[in-house]
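Chemist: Below you will find the structure I want to go over with you.
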Amino acid sequence: MSKYSALSLLRGAFNGQSHWQPAWRDPEPKTSYDVVIIGGGGHGLATAYYLAKVHGITNVAVIEKGYIGGGNVGRNTTIVRSNYRLEPLSRFYEFSLKLWEGLSDDLNYNVMFSPRGALTLGHSDADMIQLAQKGDAMAVQGIDAELLTRDQVMKIEPCLDFSRQARFPIEGAMIQWRGGTARHDAVAWGFARGADSYGVDIIQKCEVTGMVMGGNRVVGVETSRGRINAGTVAICAAGHSGHVAAMAGLKLPVESQTLQAMVTEGVKPMVQTVVMTQSLHCYISQSDKGGIVFGGDPDNWPSYAQRGQPVTMELAVQQGLALIPALSRLRMLRCWAGVTDMSFDGSPIIGTTPRDGLWINGGWCYGGFKATPGSGYLFAHSLAHQRPHAIVEPFSLDRFERGSPVDENGTGPFPNHR
Amino acid sequence: MKLIPCPHCGNRAQAEFVYERTADSVVPLDAEPDAAVAALFARANPRGVEEEIWRHTYGCGSWMLIRRDRVSHAIEWVKPLGPEALP
């Protein structure tokens, strides 16, 4: 793999930029691998990358049903942050955020990580108390959090509706300055290129159709391109975790739901940070191209359709317009949906399964993008040592039956109540 | 908008309905711990047809059982659901 640099670009200027090579190979699947990763999304590719780079395990295949970047890694709202209240979550997401900070250099691929600040608005005294509590919980773990007054918020985001007639009056906010956005496609491509450079086989248009069992052990996978034997099989299938696990006879504490996002036409800079709120569920940021990116609630009923219902989209847009009335003048360019695996406490599931040789990394609900490097690093560590890393131990699959959920929102066991 | 045939009101907009849970996830009051854990947390989550409990919350308020495809969203049937239908 040739290294991308300003010098190589300059050199290319003299030969018509004819030096460019495909960023990764398109190999035929071998009959056997040490590790087979099901799912070529961000998490699967990151896992393969760190397995090869950090642990020297390079006989790895990433098997993708569609194409790289076509799933949730290309369908999210690109938000990166680690502002969580519960320690297992903030520790995990902070680990991930620290990887984000050096990711472009590490991958030699510009993921356009932009720590522009993750701003959570408070609309009442109760909101501000909750934000202060969350900020304190973060601060004691050494994570940056700053409580802002209404006047301070006004300086950062002047386009918000600060009037006293506002539907959601703004009392203040909590900001994590190190949070922000990244370019999601580049994350997928960067990890794919990185993993490939260490010899990982990325096999696209190859659907896993079954698990090959040897007693209680998963010894390989049946795919649309033949059987592939594996020492370890790792599920990184996001919204499809449930029915992939079902191939090994497992039922997961997961329901797959549709999550939508949408983007307006491009405009000059008007939203500086990632705007979220403590009371509503809508998140707004401005892409580097200028489009205002919206996201909201999932559709709250199970679906694998990758298309959302207009009602949910309207709700997200209504909330966005109430916060930033000027957005009403913009036209929506595109909307899309992804299938998210909603876990029953809102936290991810990483670790072993009741089947030997089968590991799972899923249940990301609608917060998987920011976890991509951290999830990949820690899952790779767990696979390499055949033991869950200490940071992901609280996210084991059996935590539900043990009565130890990691319930950030305190909303109980049903994903549609979240 | 998608229409759901409520057993009492006929076809109504889907926005009037709330999805509650799958039909197999109702925990019987006398369930053993293993059965309760399975009912609460183990989901087939099929990429296909599943039976689900919905409620016409913003309409007549009645509960119903819907057999529905989770990919195409096509509804196979809707049945009224009352206390006698619960385990």
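Chemist: Just name the residue that is farthest from B:VAL37 (Cα to Cα) out of those in the stretch A:211-259 that are polar (S, T, N, Q) and within 24 Å of the chain's Cα centre (by Cα).
Modeler: Out of the qualifying residues, it is A:THR232.
Chemist: Report, by residue number, each residue of the stretch A:173-212 that is among the small types (Gly, Ala, Ser), touching a residue at least 40 places away in the same chain (Cβ under 8 Å) and open to solvent by less than 20 Å² (accessible area, probe 1.4 Å).
Modeler: If the condition is that a residue be among the small types (Gly, Ala, Ser), touching a residue at least 40 places away in the same chain (Cβ under 8 Å) and open to solvent by less than 20 Å² (accessible area, probe 1.4 Å), then A:ALA173, A:GLY179, A:GLY180, A:ALA182, A:ALA186, A:ALA188, A:GLY190, A:ALA192, A:GLY194, A:ALA195 are the ones that fit.
Chemist: With the checklist (1) closer than 22 Å to A:ILE156 by Cα; (2) assigned to a strand (DSSP E or B); (3) touching a Gly at 6+ places or on another chain (Cβ under 6 Å); (4) open to solvent by 10 Å² or more (accessible area, probe 1.4 Å) in hand, flag the one item A:ILE284 doesn't pass.
Modeler: Against the list (1) closer than 22 Å to A:ILE156 by Cα; (2) assigned to a strand (DSSP E or B); (3) touching a Gly at 6+ places or on another chain (Cβ under 6 Å); (4) open to solvent by 10 Å² or more (accessible area, probe 1.4 Å), A:ILE284 comes up short only on (4).
Chemist: Let me ask another. Can you tell me which residue within the stretch B:53-76, out of those that are within 11 Å of the chain's Cα centre (by Cα) and open to solvent by 50 Å² or more (accessible area, probe 1.4 Å), is farthest from the other protein chains (Cβ to nearest Cβ)?
Modeler: B:TRP63
Chemist: To continue, here is another question. Mind listing just one residue for me: the one in the stretch A:214-267 that is within 14 Å of another protein chain (Cβ to nearest Cβ) and surrounded by fewer than 21 Cβ atoms within 10 Å (Cβ to Cβ) and, of those, nearest to A:ARG75 (Cα to Cα)?
Modeler: Here the residue is A:HIS243.
Chemist: Scan the stretch A:287-320 for residues that are in contact with an Asp or Glu (Cβ under 9 Å, 6 or more places away or on another chain), within 10 Å of another protein chain (Cβ to nearest Cβ) and in a strand (DSSP E or B) and jot them down.
Modeler: A:TRP301, A:PRO302
Chemist: Any idea which residue in the stretch B:23-47 is most open to solvent (accessible area, probe 1.4 Å), counting only those that are free of Cβ contacts under 8 Å to residues at least 12 places away in the same chain and within 9 Å of chain A (Cβ to nearest Cβ)?
Modeler: B:ASP34
Chemist: Which residue, of B:GLU50, B:GLU20, is at the interface with chain A (Cβ under 8 Å from one of its Cβ atoms), crowded, with 17+ Cβ neighbours inside 10 Å, in a strand (DSSP E or B) and at pLDDT 95 or above?
Modeler: B:GLU50 is the lone residue from the list that is at the interface with chain A (Cβ under 8 Å from one of its Cβ atoms), crowded, with 17+ Cβ neighbours inside 10 Å, in a strand (DSSP E or B) and at pLDDT 95 or above.
The values are calculated or read from the model by the stated rules, or taken from the named source; none is laboratory data. For clarity, every value in this text was computed on a predicted model and none was experimentally measured. Every residue, glycine as well, gets a Cβ built from its backbone with ideal geometry; the counts of neighbours run over all protein chains shown. The area values use the complete protein model at the heavy-atom level, side chains included, leaving out ligands, DNA and RNA. Shrake-Rupley method; radii C 1.70, N 1.55, O 1.52, S 1.80 Å.
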